Amino acid sequence: MTTTYAVLSEGLEKRYGDVHALRGLDLAVAEGTVCGVLGPNGAGKSTAVRVLTTLTVPDGGSARVAGHDVVREADAVREAIGVTGQNASVDGELTGRQNLRLFARLLGLRGGTGRTRADALLERFELTGAADRPARTYSGGMRRRLDLAASLLTRPGVLFLDEPTTGLDPYSRNQIWAAVRELAARGTTVLLTTQYLEEADRLADDIVLIDRGRAAHRGTPAELKALIGNYAEVVVAHESALVPAAGVLDRLTGAEPALDRERRTVGAVATDASLTLPRVVRELDAAGVPVLDASLRPPTLDEVFLRLTDRGDVRTSPPAKETAA
């Protein structure tokens, strides 16, 4: 079965003076999927979005979005996409309804068509009650929803979301996530850049990890987690037991353990797939380590991110899949 790509780039290059933002970036986003683009600050995520949305011309390589070349057919690309950037683009002095109707006119939706589309989006994003208030009175989450609504006025085939939930409270973030899921279910291709690893884990069909301007790793969330193995973590009874526990995990996993003295935890990536939780518990007991809890679970995307980008020790600790006290 032939895959059709809504976003396809090969060898993208971009420099800003001495800064080499993109160093041969390759991307391939299948139609109707959500692709999460992750990476540390300065990795090139936002530069990639600017190139793919025709806001910046690449210095080398090529890219096609919705079947159109981003340089030679920039106007056609703009007609086919929607963009929600890191900062809301709405006018605070206009009401929510006025903002959407203004964007509709700018996008060529005239008369009743633009008004009907604007009103439908206000209802879809639960903004009808505030539609006639100035946007400056909206909460951060409401402004982001209004911004997302504006990017959907023309029903784009490809939607770029550049860190759409930064700074939002959990309720507002969940509302944006629900909107993204709905769009994907209706066939819209979504390219999502985010600093929230949980966001990518929940929404993305595929993930591209960009590091130093290149696509360093790619795959489904499950495939990326499988790259680093399970995560073993131990909670000890007192701080003096941290070092002995670290010694046990070091020997069992072959990886350097991460110690958290405040939480009294020791964790390490277990690259040996045969390692079991009972064995971990037995070895700790044999070493005389007083243990309050032990777990062996799949890694989170946060742990994958830190390990694959060499950004320090893994220290996150969500609820374990398998535990033994």
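The values are calculated or read from the model by the stated rules, or taken from the named source; none is laboratory data. Predicted model only: the values in this text are computed from it and were never measured. FYI the Cβ positions are ideal-geometry reconstructions off the backbone, even for glycines, and counts take in every protein chain you see. In case anyone asks, the SASA skips ligands and DNA or RNA and just uses the protein heavy atoms, side chains included. Shrake-Rupley method; radii C 1.70, N 1.55, O 1.52, S 1.80 Å.
Overview of results
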item	result
q = 0.06, 0.10 Å⁻¹: log10 I(q)/I(0) that the Debye formula gives for the chain, counting C-alpha atoms only	-0.27, -0.68
Heavy-atom accessible surface of region 39-140: percent carbon and sulfur, 1.4 Å	47
GNM flexibility winner over the chain from Ala74, Ala179, Ala237 (Cα, springs under 10 Å)	Ala237
Integer Hz, Karplus 6.51/-1.76/1.60 couplings in order for region 90-102, x for Gly and Pro	6, 8, x, 7, 8, 6, x, 5, 5, 4, 5, 5, 5
Among Val71, Val243, Val34, residue whose mean-square fluctuation peaks in a GNM of the chain (springs only between Cα atoms under 10 Å)	Val243
Among Glu13, Glu303, Glu123, residue whose mean-square fluctuation peaks in a GNM of the chain (springs only between Cα atoms under 10 Å)	Glu123
Estimated translational D of region 16-72 in µm²/s (Stokes, Kirkwood radius over Cα pairs; 4 °C; 1.567 mPa s)	104
Computed over region 1-100: relative contact order in percent, which uses C-alpha pairs under 8 Å that are six or more apart	26
Extension reserve of the Asp75-Ala286 stretch, reckoned as 0.36 nm per residue once the Cα distance is removed	69.1 nm
For Leu153, distant residues with modelled amide H under 5 Å away	none
Percentage relative contact order, the chain, counting C-alpha pairs under 8 Å, at least six apart	18
Solvent-accessible heavy-atom area per residue, rounded to whole Å², over region 1-123 at 1.4 Å	50
For the chain, calculated [θ]222 nm from helices alone, where every DSSP H run of n ≥ 4 adds -39500 (n - 2.57)	-10000 deg cm²/dmol
Under-5 Å amide H pairs with Thr95, H placed in peptide plane, nonlocal only	Ala135
Using alpha-carbon coordinates, inclination of helix 170-185 to the longest axis of the chain, degrees	70
Furthest towards positive pole of dipole, Thr4, Val19, Val83, structure part region 4-95, Cβ charges	Val19
Positive dipole terminus of the chain, leading residue within Thr166, Val236, Tyr138 (C-beta point charges)	Tyr138
Estimated dipole of region 254-301 in Debye, rounded to 20 [Cβ of Lys and Arg +1, of Asp and Glu -1, Cα centre]	100
Mean-position separation - Cα centroids, region 227-268 and region 130-156, in angstrom	46
